[in-house]
Amino acid sequence: MAKKKAIDGVSDEMNAIAFQNLDHAPARRRVRLAFTQVQQQLDHVMFKMAPSGIRTEEWFETNSKGQEIFCKSWLPKPGVRIKAAVCFVHGYDDTCTFFFEGIAKRIAASGYGVYAIDHPGFGLSEGLHGYVSNFNVDNIIEQYTKVKGRPEVRGMPRFLLGQSMGGAVALKVHLKEQQEWDGVVLVAPMCKISAEMKPPEPLQKVLIFLSRLMPKAKLVPTKDLAKLAFRDPQKRKMANYNVISYSDQTRLKTAVELLNATNELESQVEKVSSPLLILHGGVDKVTDPNISKFLYEKATSNDKTLKIYVGSYHCILEGESDERILEVIDDITAWLDSHCAVR
């Protein structure tokens, strides 16, 4: 993503808070706290039409590496039966405490327990901001194993919901735990990085070499992700309010890990056997919709659905028209409903 821009509609003092160094979790947590009320008042369908009565909980879990991992849940209003657990995996540079708040509330209002965590180094979890030292899924498996044992969803169907980079993570979790999930929902999954987002081949080789010498350095050229990902210009401006997102140049080791992960997934798509829902914007320039078509065709699952939204960009849950965003969420909940009924 391009360098952060000043946030319209907030004071100089609030902009100064947003622009502080966010390398470490305590600073990100302070900034999130300062902006929570401002975010919830944005003129976005996910905030304006958020269902009432949703029960939320936030907590931290210490993972096996000693890192504090931020966790959050959204449950239906009291008296509504929970049908299943939906475990969200967010994308690169993102967090589960901004746009996903509204998405989670709508899914929870349909009768689901929705759970999310921030990856190490992202959002409110500990770790150097934007740094991925190893693209493994152990932390996700560790945290969501605990979630599956929570009393409100114990023994119920459980689904993974992965967005963008989180789609790649969700697939890797499925491949490692083939029998542990009742289905996987992928939103614009990063199974392969679009050619438009990759540095030229010679530069890739240089960056891979440099990543061994200075893995944490922010040296990988990046484009304005909001411009590429949000079709609606008004919603694109709201992306600036995602104040704890990682918006600097990509760290060298992170870029190499993302590239390696997509190359690995591309070679393993035939092993994907879970019930599968794949949703993708038709003109996505961040992750390639043709790779979603490739995944759909090659996955060995007997139960798979692909929907391409004509004319839509990458952020089909955040950056499209209100009607398209609600359509995508309805498609997700309808698919979940049908797969709970099967079980």
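The values are calculated or read from the model by the stated rules, or taken from the named source; none is laboratory data. The model shown is predicted, which means the values in this text are computed figures rather than measured ones. We place every Cβ from the backbone using ideal geometry, glycine too, and count neighbours over all the protein chains shown.
Okay, residues lined up against (1) crowded, with 17+ Cβ neighbours inside 10 Å; (2) part of a loop (DSSP other than H, G, I, E, B); (3) of a type in the set (Asp, Glu):
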position: Asp8; (1), (2), (3): no, yes, yes
position: Asn21; (1), (2), (3): no, yes, no
position: Pro51; (1), (2), (3): no, yes, no
position: Ala85; (1), (2), (3): yes, no, no
Residue match in the range 197-214 (condition: more than 16 Å from the chain's Cα centre (by Cα), closer than 22 Å to Tyr296 by Cβ and in contact (Cβ under 8 Å) with a residue 60 or more places away in the chain): yes
Output for the range 34-49, where each listed residue is part of a helix (DSSP H, G or I), among the hydrophobic types (A, V, I, L, M, F, W, C) and over 16 Å from Val10 (Cβ atoms): Val45, Met46
The range 102-121: number of residues that are assigned to a loop (DSSP other than H, G, I, E, B) and either within 12 Å of the chain's Cα centre (by Cα) or at pLDDT below 95 (or both): 2
Of all residues in the range 102-159 being within 27 Å of Thr250 (Cβ to Cβ) and acidic (Asp, Glu), the one that is surrounded by the fewest Cβ atoms within 10 Å (Cβ to Cβ): Asp138
Condition check for Met190: assigned to a loop (DSSP other than H, G, I, E, B), within 22 Å of the chain's Cα centre (by Cα) and among the hydrophobic types (A, V, I, L, M, F, W, C): yes
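One line per residue, one yes/no per condition, for (1) surrounded by fewer than 23 Cβ atoms within 10 Å (Cβ to Cβ); (2) within 13 Å of Cys191 (Cβ to Cβ); (3) in contact with an Asp or Glu (Cβ under 9 Å, 6 or more places away or on another chain); (4) not hydrophobic (A, V, I, L, M, F, W, C):
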| site | (1), (2), (3), (4) |
| --- | --- |
| Ser247 | yes, no, yes, yes |
| Leu258 | yes, yes, no, no |
| Asn263 | yes, yes, no, yes |
| Glu266 | yes, yes, no, yes |
| Pro275 | yes, no, yes, yes |
| Gly281 | no, no, yes, yes |
| Lys285 | yes, no, yes, yes |
Failed criterion for Arg81 (all others in (1) over 24 Å from Leu171 (Cβ atoms); (2) part of a helix (DSSP H, G or I); (3) not small (Gly, Ala, Ser) hold): (2)
Pick from the range 291-315, criterion aromatic (Phe, Trp, Tyr) and buried (at least 17 other Cβ atoms within 10 Å of the Cβ), ranking: nearest to Lys235 (Cα to Cα): Tyr313
Total residues in the range 217-238, condition under 23 Å from His280 (Cβ atoms), in contact with a Leu (Cβ under 8 Å, 6 or more places away or on another chain) and either among the aromatic types (Phe, Trp, Tyr) or surrounded by fewer than 22 Cβ atoms within 10 Å (Cβ to Cβ) (or both): 0
Those residues of the range 213-227 which are out of contact with any Phe, Trp or Tyr (no Cβ under 7 Å at 6 or more places or on another chain) and either on the phi > 0 side of the Ramachandran plot or not in a strand (DSSP E or B) (or both), in sequence order: Leu213, Met214, Pro215, Ala217, Pro221, Thr222, Lys223, Asp224, Leu225, Ala226, Lys227
Subset of the range 124-182 [of a type in the set (S, T, N, Q) and part of a loop (DSSP other than H, G, I, E, B)]: Ser125, Ser133, Asn134, Asn136, Ser164, Gln178, Gln179
